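To start, the structure itself, in structure tokens.
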Amino acid sequence: MISGDTALEEVTWNLDDLFEGDTSDPNAAVTELLDEAEKSSEKFAAEYEGKVAELDGPGLIVAMTKLADISDRAGRALNYAHLRFAADTADPANGALLQMGSERATRIQTTLLFFDLEWAELENEKAEELLATPGLGFCEHHLRNERRYRDHLLSAPEERIATEMSVTGAGAWSRLFDELTSAIRVDLPGDGEPVSLDVALAGLQDPDRESRKATAEAVTASLEPGLRTRAYVFNTLLQDKATRDRLRKYPHWLATRNLSNEASDESVQALIEAVKGRYDLPRSWYRTKAKLLEVDRLADYDRMAAIATDKVTIGWREGREIVQSAFDSLSPRAGEVVGRFFEDRWIDAPPAPDKRGGAFSASTVPSVHPYVMLNYTDQRRDVLTLAHELGHGLHQALAAKQGIFHQDTPLTVAETASVFAEELVFGRLLAAENDPASRLGLLAESVEGQIATIFRQIAMNQFEDRVHTSRRNEGELSVERFGELWSETQEELLGDAVEVTDGYRSWWSYVPHFIGSPGYVYAYAYGQLLALSVYRLYEERGDEIVPGYLDMLAAGGSRSPEQLGAMVGVDLSDPSFWDNGLDLVAGQIEAAQAAADEVIAAREGN
């Protein structure tokens, strides 16, 4: 049961859990944690530098245990700074704390850098002997993965310089981009005060086309003043990555992301080509939507328009009850974990003027718990976002027992629990709708979510591919060139089904993944198709797969994506896997189109 009637504005997180002892002065607590971590890292270096090759199995266990403790202390401090900054990016004190934490965490990382380098230099036979040591399971997969970077490591002095410079290099530019985009305000027609970008973008779901068009024009106008600055930030980071890739001998711009995702270049390219080969699916849906909206052709600002004429809103308390009930139905274990997010203040939900846009779940460190950030605006879509982020939170909380080396999974698997949770909640929302038009609206939202997560993310991957390639071949890119590449890759996705307006050419400029996580976006499509396959098994077999599914989540990153998939009966090595997943999406689109045909027929009959 839900206790109390918490108002949305009261749903703010309590970050004190990241500290031990006195929390009256959080800045002092952050400094104390970093002091402890730095002191321990220096002691560790004095004990182990130059001696990793001499370690035996038990000695390696001791060393990795010490590294885990250092990572925990530094991780708690840095997560506090990141989360406080995310809640209020405009407060200079938050920015200063984050910068101080990043600089000191980098110093710690630099001090410990020798260990990964010396570990990677070991001969394979010696490394395998050590990896077979009983009791090393808490870090074995991590250590194996570290050795995959052997061909891309620089010398120890070069690695230290690269690590030290990252704080004032890519990290600083990424932070600047976050601050610039968080400060964007949109003057919506008819509204009094300017609103944040996230709040404005929610207006694109408005059933009224003139309102959507006005919202899109207002967003475009709000992006214009800082466009050249954000383009310069992007240009700088593109060149920074090109330089690092060249020095580390990565064959192409996406190689380092594929390596960190434990995915081969071939499998990622197969995913991209499979999705591009089915671009006809979103186009088909958009043509149907044009009929529903009674327009000849959609414009880009029409894509997320609500189909139902009544604007469905779901307040915080009702949304919370829906989501909690869905997790309870999956299993008592899942419901209990999710309940703690609500009861123990692990969530920050209300939108705020200087709060970071979007939503996320931060795993923090295994000794604490995850935190979820939302910008909840009472839209029905926000309920699915709440479910999505709590799916991440469930995954992270269950995997905490794996420890700091194995809690997090590669990005390609990280979306499994979140998408699964969305599907659970979607089913409940659909079952609660009796009105045919509202049911169609919900089906349309689901289909458009699939399109956004699979097809749009691959189109954004193609934008990244051309931007990175063009920056390396042509030099610094103009604002117009960015817009050209963005429009080009969007038009390839949308074909003649959707008009890409001139104003839309600048909308690449607020996407944080391009800046802070190059190459990230294809993992959404990968994870979505994987999660849909798992959810299909759940629909077919019910509770039979739940124990294996929860075990998969609890395994965290202790196994490869292929091994994790096998735990729930999914074969990621099968070349036809992507097509099977896309067939599921095609079936959902067909169901939505059938519902649309009924509504159109009824409308025309009247």
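Measuring from label point to label point, each 7 Å out along Cα→Cβ, what is the Arg185 to Asp571 span in nm?
Simple spin-label model gives 5.8 nm for this pair.
Give me a comma-separated list of calculated 3J(HN,Hα) values for region 153-163, in order, Karplus coefficients 6.51, -1.76, 1.60 applied at θ = phi - 60°, integers in Hz, x for any Gly or Pro.
My calculation for region 153-163 gives 8, 8, 5, 4, x, 5, 5, 5, 4, 4, 5 Hz in order.
Expressed as an acute angle from 0 to 90° and rounded to the nearest 10, what is the orientation of the C-alpha long axis of helix 332-343 relative to the principal long axis of the chain?
That helix lies at roughly 90 degrees to the long axis.
Determine the shape class of region 11-168: with a ≥ b ≥ c the square roots of the Cα gyration tensor eigenvalues, call it rounded for a/c under 1.5, and otherwise prolate if a/b is greater than b/c, oblate otherwise.
prolate
Figure the gain on full extension for Glu476 and Asp91 (residue separation times 0.36 nm, minus the Cα-Cα span) and round it to one decimal in nm.
Extra length available between Glu476 and Asp91 comes to 135.4 nm.
If I take every Cα pair under 8 Å that is 6 or more residues apart in the chain, average their sequence separation and divide by the length, what percent do I get for the relative contact order?
Values: 799 pairs, mean separation 108.1, N = 606.
Once normalised by length, the contact order is 18 percent.
Between region 166-217 and region 341-379, how far is it from one alpha carbon centroid to the other, in angstrom?
Here the two parts' Cα centres lie 19 Å apart.
With angles folded into 0 to 90 degrees, how steeply does helix 265-276 sit against the dominant principal axis of the chain? Use alpha carbons for both and round to 10.
With rounding to tens, the tilt is 10 degrees.
Per residue of the chain, what 222 nm ellipticity follows from adding -39500 (n - 2.57) for every DSSP H run with n ≥ 4, rounded to the nearest 500?
Per the formula, -20500 deg cm²/dmol.
Relative contact order for region 11-168: what is it in percent, counting Cα pairs under 8 Å that are at least 6 residues apart?
The value is 28 percent.
Which FRET efficiency value, to the nearest 0.05, do you get for Asp579 and Arg287 by plugging their Cβ-Cβ distance into 1/(1 + (r/R0)^6) with R0 = 22 Å?
0.45
When the dipole is taken about the Cα centre of region 11-168, and only Lys, Arg (+1) and Asp, Glu (-1) are charged at their Cβ, what size is it in debye, to the nearest 20?
240
For a label point 7 Å from the Cα of Glu20 along Cα→C-beta, name the residues of region 60-80 whose backbone N is under 20 Å from it.
62-80
Only loop residues by DSSP count here, and only those with at most 14 other Cβ atoms within 10 Å; note down the trypsin sites (Lys or Arg not before Pro) in region 280-340 that meet that. Before the final figure, lay out each step's value.
On the way: sites: Arg283, Arg287, Lys289, Lys291, Arg297, Arg303, Lys311, Arg317, Arg320, Arg333, Arg340; in loops: Arg297, Arg303, Lys311.
Those satisfying the criteria are Arg297, Lys311.
Going down the table (Lys213/Lys355; Lys289/Lys355; Lys276/Lys311; Lys66/Lys355; Lys276/Lys355; Lys66/Lys241), which pairs top 30 Å between alpha carbons?
Over 30 Å Cα-Cα: Lys289/Lys355; Lys276/Lys311; Lys66/Lys355; Lys276/Lys355; Lys66/Lys241.
Please give the contour-minus-distance gain from Ile161 to Glu294: 0.36 nm per residue of separation, less the Cα-Cα distance, rounded to one decimal in nm. Could the numbers behind the result be given before it?
Details: separation 133, 0.36 × 133 = 47.88 nm, distance 5.97 nm.
That works out to 41.9 nm of additional length.
Considering the options Ser487, Val383, Ile70, tell which one lies farthest towards the positive end of the dipole of the chain, charges being +1 on Lys and Arg and -1 on Asp and Glu at the Cβ, about the Cα centre.
Most positive-ward Cα: Ser487.
Whole angstrom only: what separates the Cα centroid of region 65-143 from the Cα centroid of region 410-458?
35
Hey, with R₀ at 25 Å, roughly what FRET efficiency would Leu154 and Ala242 work out to, going by the Cβ-Cβ distance, to 0.05?
So, using R0 = 25 Å, E works out to roughly 0.95.
Please list, in order along region 446-457, the HN-Hα scalar couplings obtained from phi with the Karplus expression 6.51 cos²θ - 1.76 cosθ + 1.60 (θ = phi - 60°), rounded to whole Hz, x for Gly and Pro.
Working through the residues one at a time gives 5, 4, 5, x, 5, 4, 5, 7, 9, 6, 5, 5 Hz.
For Ala432 and Lys39, FRET efficiency with R0 = 56 Å and r from the beta-carbon atoms, rounded to 0.05?
With a Förster radius of 56 Å, E is 0.50.
Please check the chain for the longest run free of GluC sites (Glu not before Pro) that are loop-located per DSSP (anything but H, G, I, E, B) and have at most 11 other Cβ atoms within 10 Å.
That gives 295-606 as the longest site-free run.
Quick check: convex hull of the Cα atoms in region 301-452, volume per residue, rounded to a whole Å³?
Expressed per residue, the convex hull around the Cα atoms of region 301-452 is 123 Å³.
Sequence-distant or interchain residues sharing an amide H contact under 5 Å with Glu499, placed H: which?
Amide H neighbours of Glu499, under 5 Å, 5+ apart: Leu298, Ala299, Asp300.
Taking the Cα atoms only, what angle lies between the long axis of helix 380-399 and the longest principal axis of the chain, rounded to 10 degrees?
20
Under 17 Å Cα to Cα from Lys126, which aspartates and glutamates show up? Leave out anything in the same chain fewer than 8 places away.
Straight-distance partners of Lys126: Glu54, Asp56, Asp116, Glu118, Glu140, Glu146.
Calculate the dipole size of the chain relative to its Cα centre from +1 charges on Lys and Arg beta carbons and -1 charges on Asp and Glu beta carbons; express the result in debye to the nearest 20.
Values: 59 positive and 103 negative charges, 161 e Å.
Dipole size: approximately 780 debye.
Just to check I understand the Karplus step: with θ = phi - 60° and J = 6.51 cos²θ - 1.76 cosθ + 1.60, what whole-Hz values come out for region 75-81, glycine and proline as x?
Computed from phi, the couplings for region 75-81 are x, 5, 5, 5, 5, 4, 5 Hz.
Positive end of the charge dipole of the chain (Lys, Arg +1 and Asp, Glu -1 on Cβ, about the Cα centre): tell me which of His82, Phe115, Ile600 has its Cα farthest that way.
Phe115
None of the figures in this text is laboratory data; all of them are computed from the coordinates on show. On a predicted model such as this, the values are computed, not experimentally measured, just so you know. Neighbour counts run over all protein chains shown; Cβ positions are idealised from the backbone, glycine included.
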